[in-house]
Every structure is written in structure tokens, then in C-alpha cells.
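To start, the structure under review is shown below, and the notes come after it.
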Amino acid sequence: MKRYDFVAIGGGNAGLTAASKVASAGLRTALVDRGPVGGLCSLNGCNPKKVLVRATEVLDEIRHAARHGIYVGEVRVDWSRVIDRKETFTSSVTPTTERSLRKQGIDLIQGAPRFVSKNEFEVNGELVEAGAVVIATGSTPRPLKFEGAEMVKTSDDILALRDVPQNLAIIGAGVVAFEFAQVFARLGSRVTMLAHGKRALSEHDAELVNALVEFSSGLGVKLITQARVQAVRKRGEVLIVEFEAEGEAQTVEANFVLNAAGRIPAIDDLALDRAEVETDMRGVVVSEFLRSRTNPQIFAAGDAHGRMQLSPVASYEGRIVAKNFLNGDTERASYDAIPRALYTVPPLASVGLTEAQARERGFDVSVNVSDMAGWKVYAIAGEPIARAKIVTESGSGKILGAHILGANADEQIHLFAMAMRFGISANDLRSTVFAYPTMSSALPYTF
């Protein structure tokens, strides 16, 4: 039997961060992962996807260069070269991560662990005992349950796709769906998104989402809401997606069908019941200190508990897990000022509460909505769309939420996140002097 002070199960942001912090304290530490280490974000998520987004963003800038008096000839896209470039950012992730683990003195155990007791698990036929374990196994695409679901591909597949499909069908209308929809629409694909619910991007402000949907429509992205997919069938060289919407049976033809219906915690194969770890539909049930509520020797971080599926949040939680393991329960996880960004072009970013959420919580709110497209800094840049919606508490000026759609929104949102984190009021931000003509200089006029 092997014995460790601390074991991270999962080699993504949360597991790597927690293991590194604990190992640096001189404790015997191991990391277990069944696949390549490095995490979804680096291998098949944020980073490689951003390479594709950036390529089509450059394409968009070239196509609209005439706004600035610059005229170019025919533009040719070699998508296979774009995929080659993407792979330069992913191919070194696993070997670099493995070297880092060795340097830190962290044992890497490659295999699929299964718990046998509250603090023991079996992997590769060997028993491992740990003083504490963090479940940081990430997430997996939500299974689709209809005929022909095996023909539907995942984000891993579309990130490796070298030929641009003539017709792309996307099941889902969340972050991943919108990002890939815009990428391939700009490449010339006819894109159809099938949303299960009444609206897209339910976690974001409805007003700005509607603006993004309308803008994406202009690119060639069709959104169908309340669509219930019934089957995917192969007809010759194409796929036929059968679905029901508005009480009618409908179909859409596609060369590629993407599952973007969300992700679920990858915990089913861990035998967590043997470790007396309670789970629910979101994942491991944890306390504010990220410990299992039913087995305090077990922590969970990142997508494994399903609170907020974001890469930087996983790293943040990994730090909290390590701190609470080393020092006792001294830090609570807080998600009130975590910024989110949707990497469409332009991006949609938000932090805090939407207007609806703030009102539901009983706040007396003041809401400022700004259409900034005609403002000088955006007009100079030639940006066709720029919106902001800022939610503050009446009287105190406390910032409750900020929502921005437009160029650099993914950068600007951090100003509001920092203000919320450290109690900086709207009045304080208004009195701040910004460099001009930057897009951030427009922000004090949005509330």
C-alpha cells in the first residue's frame, strides 16, 4: 500500500494547483489522472478554442478594413494551418506538466482510481491511502439520449476539424455553442443552434444576450429555441437532425453535429459511495470550505462540484483546498465577484448579478443601459456593436452587477470585478481618471 498526506485526483487546474501548494509545504503528495495531465482548458478548451476565435477575428478585421480606408484583395483561409497553429499551444502541455510535477516531488499515478473506503482508493491494482483527497476530475460532455446520438461530436472533435463544414448543427445554446457558431459562420458555414430552453445563455443578462443573438444572426447563425432533438440520421454523406419546435416536427441538414448541451461532473467511475461522499445532480456536495459534507477528508474543486465551471475558478478553488487542508478551515469560497467572458467577436462579459437576479434578491436597484456603438472611442475603432448594462444599489451606489457586450469587454469586466471585490462604489469609479481615447474611458459614462 502507498501512503500520502494528500492526493489530487485529476490533473487539471484545480488538482495541479492544490497538489503544488501542498507539496511546497513539504508534505508527501501525489496526483492521479487516467489521461493526459494538463487539464481541459489547456488541452481541449479555453486556449485552443481562443486560437480559432482569434483567427476568425483577424479574418473579420480584414474583411472590414475598408472602414479605415484600407482595401485588400481576395482573402483565403487555410483552416488546416490554423489547426496546426492551435496544436503548437497544446502539444507541449502534457510533457511540460509532467516535468513540473517531477520537479516539485509530486508522484504522478496514471490510472483510473476507485474508492474502497473513506480515505483509500485502488488504482492499477494497488491500494493508496491518503490523509486527504481532492476530487478534481473535471467534467465531461452531457450525454445525449436520442437515436443516432453516437453520430454527434464533441468540442474535442471540432477543435481538430480541418475541413470547414458547409452546414453545422449545434445542440445547445450556451457559451461553447455561441463561440463555435460564430467561428464557423465567419468561415462560411450555415450554422443552426438548437436551444432546449426558451432563451440562450441563461446565466447572462437577457437584454445583452438578445443583442448578441441578433448580431450573430447577421453572421448567418440561426437560433431555434425550445427545440427537442428526437434523432440524428445519416442520409448519404449528410446528417439529418430531427427535432420538434413550436409543436411541429422539423429537420435540419448538417455535415457536422456538435454536442454543446453542457458538461457534467466526471465523477461516476470513482465509487464515491464507498468513500461516503454525498453527490447530487451538480456533483459532489461540498461545504463553503470545499469539503465533502459527509466526509471531511475529501475535498472537491473545479467542475467536480458544479458550482461554476470556469478554469480560473478551478485554480482559485485549488488554492482554497490547499490552504484549508494545511491550516484548517480558514478560507471560504466566494463567487460574488467572479468575472465571466464569452469569447464571441465581440465578446460578452459579466460579473455579479443580472437585473432580474438583483430584484429577486430584494435589492432596490438602479439600472443603466448604454448603447455605446456611436461613442467616439468605439466609432473610431469601427466597432458595429457595443452595449453595457450596469446594476447598482440605489442610494449606496454599490455595484451589484456589470454586463458588457463589445470590443475589449473581456478585459474591461475586471474593473467591475475588482470594484465589487474590494467595495469600490460606482461614485468612486466615476471619479477615476482614465487614459483617453481608450475603450475603458467610456465606462464611467455607463452608470
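Just one of (1) in a helix (DSSP H, G or I); (2) over 20 Å from the mean Cα position of the chain (by Cα); (3) hydrophobic (A, V, I, L, M, F, W, C) fails for VAL367. It is (1).
Looking at segment 323-335, is at least one residue in the same structural domain as LYS50 (by TED's automatic domain parsing), in contact with a helix residue (DSSP H, G or I) (Cβ under 6 Å, 6 or more places away or on another chain) and either buried (at least 21 other Cβ atoms within 10 Å of the Cβ) or among the small types (Gly, Ala, Ser) (or both)? Within segment 323-335 (the criterion being in the same structural domain as LYS50 (by TED's automatic domain parsing), in contact with a helix residue (DSSP H, G or I) (Cβ under 6 Å, 6 or more places away or on another chain) and either buried (at least 21 other Cβ atoms within 10 Å of the Cβ) or among the small types (Gly, Ala, Ser) (or both)), the answer is no, since none of the residues qualifies.
Remark: pairs (first residue in segment 1-17, assigned by TED's automatic domain parsing to the domain that holds PRO312 and without any contact (Cβ under 8 Å) to a residue 24 or more places away in the chain; second residue in a helix (DSSP H, G or I) and surrounded by fewer than 22 Cβ atoms within 10 Å (Cβ to Cβ); Cβ separation under 7 Å; 6+ apart in sequence or on different chains) are absent. Output yes when any residue across segment 217-225 is closer than 22 Å to LYS389 by Cα and surrounded by fewer than 22 Cβ atoms within 10 Å (Cβ to Cβ), and no when none is. Taking every residue of segment 217-225 in turn, at least one turns out to be closer than 22 Å to LYS389 by Cα and surrounded by fewer than 22 Cβ atoms within 10 Å (Cβ to Cβ). Are any residues in segment 137-159 more than 30 Å from ALA18 (Cβ to Cβ) and of a type in the set (A, V, I, L, M, F, W, C), and if so, which ones? Listed by number, the residues that qualify are LEU144, PHE146, ALA149, MET151, VAL152, ILE158.
Condition (residue is over 30 Å from THR137 (Cα atoms) and either in contact with a Pro (Cβ under 8 Å, 6 or more places away or on another chain) or of a type outside the set (Phe, Trp, Tyr) (or both)) applied to segment 80-97: is it met by at least one residue? Scanning segment 80-97, I find at least one residue that is over 30 Å from THR137 (Cα atoms) and either in contact with a Pro (Cβ under 8 Å, 6 or more places away or on another chain) or of a type outside the set (Phe, Trp, Tyr) (or both), so the answer is yes.
Yes or no, residue by residue, for (1) of a type in the set (Phe, Trp, Tyr); (2) without any contact (Cβ under 8 Å) to a residue 40 or more places away in the chain; (3) in contact with an Asp or Glu (Cβ under 9 Å, 6 or more places away or on another chain); (4) crowded, with 18+ Cβ neighbours inside 10 Å:
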| position | (1), (2), (3), (4) |
| --- | --- |
| GLY283 | no, yes, yes, yes |
| ARG293 | no, yes, yes, no |
| GLN297 | no, no, no, no |
| ALA301 | no, no, yes, yes |
| HIS305 | no, no, yes, yes |
| PRO339 | no, no, yes, yes |
| PRO347 | no, no, yes, yes |
| ALA358 | no, no, yes, yes |
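Scanning segment 341-364 for residues that are part of a helix (DSSP H, G or I) and of a type outside the set (A, V, I, L, M) returns GLU355, GLN357, ARG359, GLU360. Considering segment 1-117, the qualifying strands (runs of 3 or more DSSP E), each wholly inside and each with 1 or more residues that are over 30 Å from VAL183 (Cβ atoms) and among the aromatic types (Phe, Trp, Tyr), run over 2-9.
Within segment 74-119, the residues that satisfy the criterion of being among the charged types (D, E, K, R) and free of Cβ contacts under 8 Å to residues at least 40 places away in the same chain are GLU74, ARG76, ASP78, ARG81, ASP84, ARG85, GLU87, ARG99, ARG102, LYS103. The set of residues from segment 232-246 being closer than 13 Å to LEU194 by Cα, modelled with pLDDT of 95 or more and surrounded by fewer than 14 Cβ atoms within 10 Å (Cβ to Cβ) comprises just one member, GLU244.
The residue that is surrounded by the most Cβ atoms within 10 Å (Cβ to Cβ), counting only those in segment 415-440 that are within 28 Å of the chain's Cα centre (by Cα) and more than 20 Å from LEU353 (Cα to Cα), is MET439. Before we move on, is PHE256 modelled with pLDDT of 95 or more, of a type outside the set (D, E, K, R), under 23 Å from the mean Cα position of the chain (by Cα) and more than 30 Å from ILE404 (Cα to Cα)? Taking the combined requirement at face value, the residue satisfies it.
The values are calculated or read from the model by the stated rules, or taken from the named source; none is laboratory data. Everything numeric here is computed off the predicted structure, so don't read it as measured data. Quick reminder, even Gly has a Cβ in these numbers, built from the backbone with ideal geometry, and neighbours come from all protein chains shown.
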